[in-house]
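The values are calculated or read from the model by the stated rules, or taken from the named source; none is laboratory data. The shown structure was predicted, so the numbers you read here are calculated from the model rather than taken from an experiment. Here the Cβ positions follow ideal geometry from the backbone for every residue, glycine too, while neighbour counts run over all protein chains shown. Ligands, DNA and RNA are stripped out before the accessible areas are found, and what is left, the full protein with its side chains, is counted by its heavy atoms. Shrake-Rupley method; radii C 1.70, N 1.55, O 1.52, S 1.80 Å.
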Amino acid sequence: MHTLRNYSEYIPVIAKAKLFEHIPTDQYDSVFAHLRASVRRFEKGEYIQRLGEPLPYSGIVLDGMVEGSFISENYNKINMNQFTAGRSFGEALACVKTTYSPIQLQALTGCTVMLLDLKQILSDSPCDCRYQPVLSANLIKILASENVFSNLKLRIANQKAIRDRILMYLHSLVPDAEGFVHVPFTQTAFAEFLGVNRSALSRELGRMQDEGLILVDGRAIRLLRP
């Protein structure tokens, strides 16, 4: 890991981050100073956050891919989510300033991440940041979305049949203009996300396609029946 001082090339990506919605890019310097932002580069396989360590910062992926996971009671790695450029992670844990992180964050590729101190948004102390109310509103929306996603994960985990888990997840995705939804995981990571065996997932997707339920094109899947 090493710190980058110049983040100007990443402004178009940062502008897409939900935390900075409705904030002009020419105001970023003051907002970043308020959030004590730092931009860091991680190599493939390097841990951004380890299990059991304090998690004081949230992050925004500026390039590359980051995986969030945890270890089950059987010591298996369970994939929670993958984060690509423009996606953020760790908001809820950073807000409560957890001293023992239940998740780990690892660079799946070489990646650049902006780390942010969210407790500045939650502070009751007066500040000079004119966009504090905007940051607060955006953070509430992000946390609400995370809650919806966590509920989806819980509902998926409660399904006994692999097919039901697949369909529940696919129905949660927004289709493109051609009716395809795009799974943001490799098949191995998708199986970990669903909590199923990779081979069993592959077989079930094949059966569903043979039965005319879905059309699979790589990571793009089209639901052919309601």
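General observations
- Our estimate of slack between Y47 and D63, defined as 0.36 nm per intervening residue step minus the Cα-Cα distance, is 4.2 nm.
- Contact order relative to length of region 26-94, as percent, for alpha carbon pairs under 8 angstrom and 6 or more apart: 30 percent
- The helix-only estimate of mean residue ellipticity at 222 nm for the chain, built from DSSP H runs of length n ≥ 4 each weighted as -39500 (n - 2.57), is -10000 deg cm²/dmol after division by the residue total.
- Each part gets one Cα centre, and for region 160-226 versus region 69-116 those centres are 24 Å apart.
- Of the chymotrypsin sites (Phe, Trp or Tyr not before Pro) in region 67-117, those whose Cβ has at most 15 other Cβ within 10 Å and which sit in DSSP loop: Y75, Y100
- Per residue, the accessible area of the chain comes to 55 Å², computed with a 1.4 Å probe over protein heavy atoms only.
- Candidates per GluC sites (Glu not before Pro) in region 185-215, loop by DSSP, up to 13 other Cβ within 10 Å: E211
- Here each label is just a point 7 Å from Cα along the line to Cβ, and for Q209 and A15 those points are 3.9 nm apart.
- One equal scatterer on each Cα of region 91-226, no solvent, Debye formula: the resulting log10 I(q)/I(0) at q = 0.11, 0.20, 0.21 Å⁻¹ is -0.58, -1.24, -1.30.
- In summary, region 1-115 shows an alpha-carbon radius of gyration equal to 1.07 times the 2.2 N^0.38 Å reference for compact globular proteins.
- Relative contact order [Cα under 8 Å, 6+ residues apart], the chain, whole percent: 20 percent
- Theoretical FRET efficiency, 1/(1+(r/R0)^6), r = Cβ-Cβ of A157 and V96, R0 25 Å, to 0.05: 0.65
- Cβ-Cβ FRET estimate between R198 and Q132, R0 fixed at 41 Å, reported to 0.05: 0.35
- Share of carbon and sulfur in the accessible heavy-atom surface of the chain [1.4 Å probe, %]: 52 percent
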